[in-house]
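Worksheet: the structure to be examined is printed underneath.
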């Protein structure tokens, strides 16, 4: 399905409805931008058919998850893989690092706490997410079903979530005050979701994502009435 389309109609509502039919979605699933308003008619166009053009862009939609339940054997194999890898990896950084590995049928959570491992977080968590991908690959060796691994270091993700939620509230207040939209810096999908979720129940502002990965950004703007 296309992410964004241009639709036409004799009125704005007709153009929007035509676009919704093409995308096969409801109105609350898209962001709408009027490209040509039916009221803006020049002297030279008075005899031509009235055409309104609108751009409909799909909002970020949370994809349906395929539920995979790991067997106890698969959990044990994955945990052993991760422990072996981290024991070897961390001995060159901090042999006393506190590593907690919690397994369940839904996946594995790995938490590393060590004052010497802070550099493994990286700028805005980029190193942490790279490590998460590596550990996920390690965990899946010899396991039939895909193991979902969530890695955190020094409770970074919870701290980052709080920072982003505070940012969302602050920017939303600015948008309401100035009546101007604000585009945030590029974020990964996990961080964009935090912003969207924080403001999804707002009565005054709404959010949407623009751009392509890895430089996709969140836009916070006044809610259209």
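Figures for the structure shown
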item	result
Checklist (1) more than 20 Å from the chain's Cα centre (by Cα); (2) under 23 Å from residue 75 (Cβ atoms); (3) touching a residue at least 12 places away in the same chain (Cβ under 8 Å); (4) not in a loop (DSSP other than H, G, I, E, B) applied to residue 132, failing item	(1)
Number of positions in segment 159-214 that are within 15 Å of residue 125 (Cα to Cα) and not in a helix (DSSP H, G or I)	5
Any hit, segment 133-140, residues being in contact with a strand residue (DSSP E or B) (Cβ under 6 Å, 6 or more places away or on another chain), within 30 Å of residue 219 (Cα to Cα) and surrounded by 15 or more Cβ atoms within 10 Å (Cβ to Cβ)	no
Filter pass, residue 82 being in contact with a strand residue (DSSP E or B) (Cβ under 7 Å, 6 or more places away or on another chain) and at pLDDT 90 or above	yes
Conditions (1) touching a strand residue (DSSP E or B) at 6+ places or on another chain (Cβ under 7 Å); (2) within 30 Å of residue 102 (Cβ to Cβ); (3) at pLDDT 85 or above; number of the one not met by residue 18	(2)
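Residue-by-condition table, conditions (1) surrounded by 13 or more Cβ atoms within 10 Å (Cβ to Cβ); (2) modelled with pLDDT under 85; (3) under 15 Å from residue 209 (Cβ atoms); (4) in contact with a helix residue (DSSP H, G or I) (Cβ under 6 Å, 6 or more places away or on another chain):
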{"position": "7", "(1), (2), (3), (4)": "yes, no, no, yes"}
{"position": "38", "(1), (2), (3), (4)": "yes, yes, no, no"}
{"position": "43", "(1), (2), (3), (4)": "no, yes, no, no"}
{"position": "62", "(1), (2), (3), (4)": "no, yes, yes, no"}
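The values are calculated or read from the model by the stated rules, or taken from the named source; none is laboratory data. All values reported here derive from a predicted model rather than from experimental measurement. All Cβ positions, glycine included, derive from the backbone under ideal geometry; neighbour counts span all protein chains shown.
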